[in-house]
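A.B. asks: Pasting a structure here, questions to come.
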Amino acid sequence: MGVCPVAIDNRTVYIILGLLNHEPMSGYDMKKRIEVSISQFWDVGFGQLYPTLKKLEADGMIVRAGEHHPGRPDRYVYSITDRGRQLLRRWLEEPASKEYVRYEILLKLFFGGLVGREANIAAIEAFRARYSGAADLLAAYGEELRLALGDSPDHLYYLLTVIFGEKVYKAYLEWAEEALKLLQSHQSSGGDQP
């Protein structure tokens with residue numbers, strides 16, 4: 001039997017399979033794991049997660065088992081199958097697709113002359129604040145992973161993604177500082193007002 005007819009361009013498939021390859025978990029647990037790790041570079045909503053889980057189960061890539069706990073609602077825990085692991089391995093061995101970069105902040109700044117410097121300064125300050133917090137979070141993840149490298153072979157690969165994020169967020173923050181200085185110096189030198 002060949003590898004499944006799952007929509008190969010649906011990256012949520014591979015996120016689920018990768019998480020389950022690490023350990024069995026519920027859909028809720030997967031969403032929480034995504035929020036604290038993968039969402040730094042790839043987000044998945046509940047609206048994507050649960051339909052993909054159903055499709056993967058129907059295609060034999062994962063299996064679902066119920067867990068009953070007295071006084072609490074039943075929960076379902078998913079595990080990857082050999083077939084799912086084969087699909088995940090095949091995808092991991094393929095070259096990565098072209099990276100698509102979309103920054104709404106840059107799109108708005110490109111047309112920012114319409115709203116003037118103050119609105120643009122506020123937008124850049126909000127961008128800086130958002131990514132300053134994210135950079136701090138990644139730094140903490142990086143420290144934890146460096147200490148736990150020997151605990152799991154996966155930790156090295158998690159660390160590689162964290163290092164990438166640290167470098168990107170550092171660049172974001174450096175750009176924000178430079179952009180703010182340019183806008184503020186242009187304003188103080190009597191530049192155009194909207």
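The values are calculated or read from the model by the stated rules, or taken from the named source; none is laboratory data. Computed from a predicted structure; not experimentally measured. Counting neighbours? That spans all protein chains shown, and the Cβs are built from the backbone with ideal geometry, glycine included.
A.B. asks: Anything in the stretch 61-80 that is in contact with a helix residue (DSSP H, G or I) (Cβ under 9 Å, 6 or more places away or on another chain) and not in a strand (DSSP E or B)? List them, or say none.
C.D. replies: At the first step, the residues of the stretch 61-80 found to be in contact with a helix residue (DSSP H, G or I) (Cβ under 9 Å, 6 or more places away or on another chain) are 61-64, 75-80.
Answer for the stretch 61-80, where residues must be in contact with a helix residue (DSSP H, G or I) (Cβ under 9 Å, 6 or more places away or on another chain) and not in a strand (DSSP E or B): just Met61.
A.B. asks: Exactly one condition in (1) free of Cβ contacts under 8 Å to residues at least 40 places away in the same chain; (2) more than 21 Å from the chain's Cα centre (by Cα); (3) within 30 Å of Ser26 (Cα to Cα) is false for Arg83; which is it?
C.D. replies: The failed condition is (1).
A.B. asks: State yes or no: is Ala140 modelled with pLDDT of 90 or more, over 24 Å from Tyr103 (Cβ atoms), of a type in the set (A, V, I, L, M, F, W, C) and assigned to a helix (DSSP H, G or I)? Talk me through it step by step, then tell me what you get.
C.D. replies: Working: modelled with pLDDT of 90 or more: yes; over 24 Å from Tyr103 (Cβ atoms): yes; of a type in the set (A, V, I, L, M, F, W, C): yes; assigned to a helix (DSSP H, G or I): yes.
When the stated conditions are applied, Ala140 passes them.
A.B. asks: Of all residues in the stretch 17-48, how many are under 19 Å from Leu137 (Cα atoms), small (Gly, Ala, Ser) and either in a loop (DSSP other than H, G, I, E, B) or more than 16 Å from the chain's Cα centre (by Cα) (or both)?
C.D. replies: So the count comes out to 1.
A.B. asks: Would you be able to tell me the number of residues in the stretch 53-66 that are more than 17 Å from Lys31 (Cβ to Cβ) and in contact with a Lys or Arg (Cβ under 6 Å, 6 or more places away or on another chain)?
C.D. replies: The number of residues fulfilling the criteria is 2.
A.B. asks: Also, quick follow-up: If you scan the stretch 23-42, which residues turn out to be surrounded by fewer than 15 Cβ atoms within 10 Å (Cβ to Cβ) and touching a Lys or Arg at 6+ places or on another chain (Cβ under 9 Å)? First the steps, then the outcome.
C.D. replies: Step one: filter the stretch 23-42 for residues surrounded by fewer than 15 Cβ atoms within 10 Å (Cβ to Cβ), giving 23, 28, 32, 35-36, 39, 41-42.
Result: Tyr28, Trp42.
A.B. asks: Hey, among the residues in the stretch 52-64 that are among the hydrophobic types (A, V, I, L, M, F, W, C) and without any contact (Cβ under 8 Å) to a residue 40 or more places away in the chain, which one's surrounded by the most Cβ atoms within 10 Å (Cβ to Cβ)?
C.D. replies: Leu53
A.B. asks: Looking at Leu160, Leu156, can you tell me which residue is at pLDDT 90 or above, closer than 25 Å to Arg102 by Cα and assigned to a helix (DSSP H, G or I)?
C.D. replies: Among Leu160, Leu156, only Leu160 is at pLDDT 90 or above, closer than 25 Å to Arg102 by Cα and assigned to a helix (DSSP H, G or I).
A.B. asks: Out of Ser26, Ser37, I need the residue that is more than 24 Å from Val168 (Cβ to Cβ), among the polar types (S, T, N, Q) and touching a residue at least 40 places away in the same chain (Cβ under 8 Å). Which one?
C.D. replies: Unique residue meeting the criteria: Ser26.
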